[in-house]
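The values are calculated or read from the model by the stated rules, or taken from the named source; none is laboratory data. Computed from a predicted structure; not experimentally measured. Every residue, glycine among them, receives a Cβ derived from its backbone with ideal geometry; neighbour counts consider all protein chains shown.
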Amino acid sequence: MTQLALVIDLNVCVGCHACVTSCKEWNTSGWAGPMVDQNPYDGSPTGTFFNRVQTFEVGVFPNTETVHFPKSCLHCEEPPCVPVCPTGASHKRADNGVVLVDYDKCIGCKYCSWACPYGARELDEQEKVMKKCTLCIDRITDATLSDRDRQPACVLACPTSARLYGDVHDPDSEVSVAIRERGGYQLMPEWGTKPANHYLPRQKNRMYISPEELTRVDNPLRKEDLTTYTGEETLDDVAW
Amino acid sequence: MHPAFSVIFLTTLLGAGQGLFLAMFTGQLYALARFLPTQEDQFYAIGSLVALLLLVIGLGASFFHLGRPERAWRSAAMWRTSWLSREVIILPILMALVFAYSVAHLMHWTQPWFRIGESLGVDATLLVGLLGTIASFALFVSTAMIYASVKFLEEWHSTFTVANFTLLGLASGFMLAAAYSAYIGNPLVPFFGTWAVVLTLAAFVSRGAHLMRNARLKHKSSVQTAIGVRHTAVVQKAQGAMGGSFNTREFFHGRSPATVRFIRNTFLVLVFPIPILLIVAAYAIESTTLPILAFVVQYLGLIAERWYFFAEAKHPQNLYYQSIS
């Protein structure tokens, strides 16, 4: 079975919010109706977003590290938001594993948002239905698009290629290889929700140099040579 | 969690309505067993009509919780998996049964249909009352399980939630039955009052145990598991929005810890000791107004109790919304 998902590389995410704006632009103009913006030019702008980039500081100054953390629906393989929905509006697509809300069936009871530990669902204050990341279902299932364009808007927008997209059930896909070889992990694994989206950890490229590498120890014979020298030519004299 | 008054009124009014109906039927059973003087049919009929009124107002309050109330009919669909769906199905069934119970008494449909043994004549009111009792308890369980089944809200994910909803609903219902009996000057005040006190004490034990459990609760998730970074010092610096979001409005009550503590202490006083003392005093001085006051005080306390129930629960998604910037 196919399970489409995103793999987000925290190592290269620079926190530019391009995924946030491209997501909003694509999905607010799409078939599912607008995503509300309230007070967009006033003091407290608020609205519906499928994707948000948050920032965390790890460590204590001066030994700190800034982690930019894009967060959207993780399209769990055991989605806890789906069984609690009283109308069946919240569902997981059987063919590609994307978790979706049928906006025509949703009654806006917010129960699914209580059942999501990640805060991935937001009630739209204008349409009064629950909204969430669709993985750009209208793009990725549109067979008229080229392969390059058949990807979520956030993936296409990311300038650092921090967002990988693919089938995490296919062991040879780009995302599966990235998860396997680069330590991909899931958020809040303690709840057993089995998120399909994975995150790649921060990695530092460190070069370890031992003192032996700095001191010239070209000639291994010198270490092992037990001969007592009395001024005659040695192998070193010959070698240079 | 943000305490929504729609849900606070829904759960407390349904609880009192179910409790009042169960009190009426209990009164009828005791009278049948000749432990109590038999009442006129009108007593049960009006009592269960009041219970029905509470259920209707509670149902009405629930609509204010919905973004799209006109689609509420859809919510009966997923009864196989969703406790909310189950509640939506059981509530109208109970309302129909309570209404039928009331009508059966009003119309004096008390001719036994058949007899069990010598003395027990089973009539329409008894059968409908029995079905209503089953539906009432099913509704208590469904309502409470809506909250208790969400494993992420660890404060709610407990048997205590079901016990509290049931016992507090029964206590307030029997308290209302005592108030109703006192209002019409009927001799059943001590009977309903005693049951109300017993149920209030039982609810106190259950609610107190729940509070103690939650005070010692250790949450499964931390900011470390939330973003998957293993370090003792992880602090949020931005949540991706400046003006708040659904996540900050729905999952935070926005009150100070002192306010929350005040509400808790308020409900601990209003729900348990004061109504019990009022009922005892009413018994001692044979007052017909104190039981009414007891119910009103306890119901106000239950609103505070339900408010605290929501405010106490900490959702793991809050880990992602600790700091605006």
For the stretch A:73-98, name all the residues that are more than 8 Å from chain B (Cβ to nearest Cβ) and touching a helix residue (DSSP H, G or I) at 6+ places or on another chain (Cβ under 7 Å). A:Cys81, A:Ser90, A:His91, A:Lys92, A:Val98
Filter the stretch B:214-228 for residues that are touching a residue at least 60 places away in the same chain (Cβ under 8 Å) and assigned to a loop (DSSP other than H, G, I, E, B); which is farthest from the other protein chains (Cβ to nearest Cβ)? B:Leu217
State the number of residues belonging to the stretch B:84-123 that are more than 22 Å from B:Ser136 (Cβ to Cβ) and among the aromatic types (Phe, Trp, Tyr). 2
Please go through the stretch A:105-139 and give me each residue that is closer than 15 Å to A:Gly30 by Cα and free of Cβ contacts under 8 Å to residues at least 60 places away in the same chain, ordered by number. A:Ile137
Residues B:Arg115, B:Arg74: which one is free of Cβ contacts under 8 Å to residues at least 12 places away in the same chain and within 19 Å of B:Leu127 (Cβ to Cβ)? B:Arg115
Residue count for the stretch A:124-138, restricted to those that are crowded, with 24+ Cβ neighbours inside 10 Å and aliphatic (A, V, I, L, M): 2
When (1) touching a residue at least 60 places away in the same chain (Cβ under 8 Å); (2) closer than 30 Å to B:Ala215 by Cα are applied to B:His157, the one that fails is (1)
Being within 22 Å of the chain's Cα centre (by Cα) and in a loop (DSSP other than H, G, I, E, B) is the filter here, so list the residues in the stretch B:241-254 that pass it. B:His253
Hey, can you tell me all the residues within the stretch A:21-45 that are under 19 Å from A:Gln126 (Cβ atoms) and either aromatic (Phe, Trp, Tyr) or free of Cβ contacts under 8 Å to residues at least 60 places away in the same chain (or both)? A:Lys24, A:Trp26, A:Thr28, A:Ser29, A:Trp31, A:Asp37, A:Asn39, A:Pro40, A:Tyr41, A:Asp42, A:Ser44, A:Pro45
Among (1) modelled with pLDDT of 95 or more; (2) surrounded by fewer than 19 Cβ atoms within 10 Å (Cβ to Cβ); (3) in contact with a Ser or Thr (Cβ under 8 Å, 6 or more places away or on another chain), the one test that A:Thr144 misses: (3)
Between a first residue in the stretch B:90-102 that is in contact (Cβ under 8 Å) with a residue 60 or more places away in the chain and a second residue that is surrounded by fewer than 24 Cβ atoms within 10 Å (Cβ to Cβ) and among the small types (Gly, Ala, Ser), which pairs have beta carbons less than 6 Å apart while being 6 or more apart in sequence or on different chains? B:Leu94/B:Ala135
Answer with yes or no whether A:Val60 is farther than 30 Å from A:Pro171 by Cβ and touching a helix residue (DSSP H, G or I) at 6+ places or on another chain (Cβ under 6 Å). no
Just a yes or no: is a residue in the stretch B:166-177 in a helix (DSSP H, G or I) and among the hydroxyl-bearing types (Ser, Thr, Tyr)? yes
Residue that is touching a Ser or Thr at 6+ places or on another chain (Cβ under 6 Å), of a type in the set (Val, Ile, Thr) and surrounded by 18 or more Cβ atoms within 10 Å (Cβ to Cβ), where the choices are B:Val7, B:Val50, B:Val88: B:Val88
Consider the stretch A:157-205. How many of its residues are crowded, with 18+ Cβ neighbours inside 10 Å and either part of a strand (DSSP E or B) or without any contact (Cβ under 8 Å) to a residue 40 or more places away in the chain (or both)? 10
Condition first: modelled with pLDDT under 95 and among the polar types (S, T, N, Q). Now tell me which residues in the stretch B:76-110 satisfy that. B:Thr110
Please state which of the following conditions B:Met78 fails to meet, knowing it meets all the rest: (1) within 13 Å of chain A (Cβ to nearest Cβ); (2) part of a helix (DSSP H, G or I); (3) more than 25 Å from B:Ala171 (Cα to Cα). (2)
Based on what the data block shows, is B:Val235 more than 30 Å from B:Leu14 (Cα to Cα), of a type in the set (A, V, I, L, M) and surrounded by 16 or more Cβ atoms within 10 Å (Cβ to Cβ)? no
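Between B:Leu10, B:Leu32, B:Leu54, B:Leu36, which is within 17 Å of A:Cys109 (Cβ to Cβ) and more than 10 Å from chain A (Cβ to nearest Cβ)?
Result of the check over B:Leu10, B:Leu32, B:Leu54, B:Leu36: B:Leu10.
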Check B:Ser136, B:Ser119, B:Ser158 and return the single one that is closer than 22 Å to B:Ala45 by Cβ and either of a type in the set (D, E, K, R) or more than 14 Å from chain A (Cβ to nearest Cβ) (or both). B:Ser136
Pairs under 9 Å by beta carbon, first residue touching a residue at least 12 places away in the same chain (Cβ under 8 Å) in the stretch A:140-156, partner of a type in the set (Asp, Glu) and part of a loop (DSSP other than H, G, I, E, B), six or more apart or different chains? A:Thr141/A:Asp95; A:Leu156/A:Asp149
Residue satisfying condition, being within 10 Å of chain B (Cβ to nearest Cβ) and closer than 30 Å to A:Pro201 by Cβ, within set A:Pro70, A:Pro62: A:Pro70
Hey, among the residues in the stretch A:117-129 that are within 23 Å of the chain's Cα centre (by Cα) and more than 7 Å from chain B (Cβ to nearest Cβ), which one's farthest from B:Phe246 (Cα to Cα)? A:Ala120
Looking at B:Leu201, B:Leu211, B:Leu188, which one is modelled with pLDDT under 95 and either under 23 Å from B:Leu302 (Cβ atoms) or under 22 Å from the mean Cα position of the chain (by Cα) (or both)? B:Leu188
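Residue by residue, here is whether (1) within 14 Å of chain A (Cβ to nearest Cβ); (2) touching a residue at least 24 places away in the same chain (Cβ under 8 Å) holds:
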{"position": "B:Phe204", "(1), (2)": "no, yes"}
{"position": "B:Arg230", "(1), (2)": "yes, no"}
{"position": "B:Gly243", "(1), (2)": "yes, no"}
{"position": "B:Arg249", "(1), (2)": "yes, yes"}
{"position": "B:Pro257", "(1), (2)": "no, no"}
{"position": "B:Leu270", "(1), (2)": "no, yes"}
{"position": "B:Val280", "(1), (2)": "no, yes"}
{"position": "B:Tyr283", "(1), (2)": "no, yes"}
